[in-house]
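Q: Below is one structure. I have some questions about it.
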Amino acid sequence: GAVVSQHPSWVICKSGTSVKIECRSLDFQATTMFWYRQFPKQSLMLMATSNEGSKATYEQGVEKDKFLINHASLTLSTLTVTSAHPEDSSFYICSATKTGDSNQPQHFGDGTRLSIL
Amino acid sequence: AQSVTQLDSQVPVFEEAPVELRCNYSSSVSVYLFWYVQYPNQGLQLLLKYLSGSTLVKGINGFEAEFNKSQTSFHLRKPSVHISDTAEYFCAVRAPYSSASKIIFGSGTRLSIRP
């Protein structure tokens, strides 16, 4: 089955540092990947749609200079939280769908728990 | 635009009892419907999906859901739950046009199983 790998699974860092999260589709190509943020006991909030070879599309209210997305290949998208602060602490989840198949569901990574001290 | 409403934020059930998790959606176009499960500190796992055809959809772990177009519902059911079913369940919709279409999630239902 389709597998999406997300790394790291857990990261703790000091306020002011930048953190990069990777999302890889292991056995399929994904022209489009999605980045979500989830607060405790809440639903997933779509942050942005990552498109291979082009700029990401950000949802309203999401700072694109704060959350940098790069989708340089058909199997890898990265989310960089720049100058992270405690309010950026959250659970970040990525997902991907197989290129060209509109019937396919999104396949999710296992998430990254980010804690900013 | 689409939206999803999960009417119950929490559902406590005794082990081996049946359960139904409710989901209603709103859309001006046809949609694909999904149920996902999330275990603590993990990503989402697809339980089942409705794309077209038979309105009764069977998924993994003994779950099934029925698409009801007239009531715009897609309730999830299981005839007998186990402790291991304790998790958060999300109903979701997506426009069918492209795999790049955004998924809209409901607010989630926490299923807690009592022994």
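Q: Cα convex hull of chain B: how many Å³ per residue?
A: Dividing the Cα hull volume of chain B by its residue count gives 99 Å³.
Q: Need the full-extension length gain, A:L117 to A:L68, defined as separation in residues times 0.36 nm minus the C-alpha distance. One decimal, nm.
A: Value of the extension gain: 15.6 nm.
Q: Hey, could you get me the Stokes-Einstein D for the protein assembly as shown, Kirkwood radius over alpha-carbon pairs, 4 °C and 1.567 mPa s, rounded to whole µm² s⁻¹?
A: D, rounded to a whole number, is 71 µm²/s.
Q: Still on this structure, I have one more. Could you tell me the relative contact order of the range B:1-102? Use alpha-carbon pairs under 8 Å, at least six residues apart, and round to a whole percent.
A: Reported as a whole number, the value is 34 percent.
Q: How much length, in nm to one decimal, is gained on full extension between B:T55 and B:A17, taken as 0.36 nm per residue of separation minus their Cα-Cα distance?
A: Extending this stretch completely gives an extra 11.3 nm.
Q: Under a no-solvent Debye model with one identical scatterer per Cα of the range A:1-61, what's log10 I(q)/I(0) at q = 0.15, 0.26 Å⁻¹?
A: -0.61, -1.29
Q: Remind me, relative contact order of the range B:58-103 in percent, using alpha carbon pairs under 8 angstrom and six or more residues apart?
A: Across the range B:58-103, relative contact order equals 21 percent.
Q: OK, next. Hull surface divided by four, with the convex hull built on the Cα atoms of the range A:41-117: how many nm²?
A: If I average the Cα hull's projected area over directions, I get 6.0 nm².
Q: Return the whole-Å distance between the Cα centroid of the range A:56-117 and the Cα centroid of the range B:72-115.
A: Each part's Cα centre sits 22 Å from the other's.
Q: When only Cα pairs under 8 Å and 6 or more residues apart are kept, what is the percent relative contact order across chain A?
A: 37
Coordinate-derived values only; no laboratory data. Keep in mind that what you see is a predicted model, and the values were worked out from it rather than measured.
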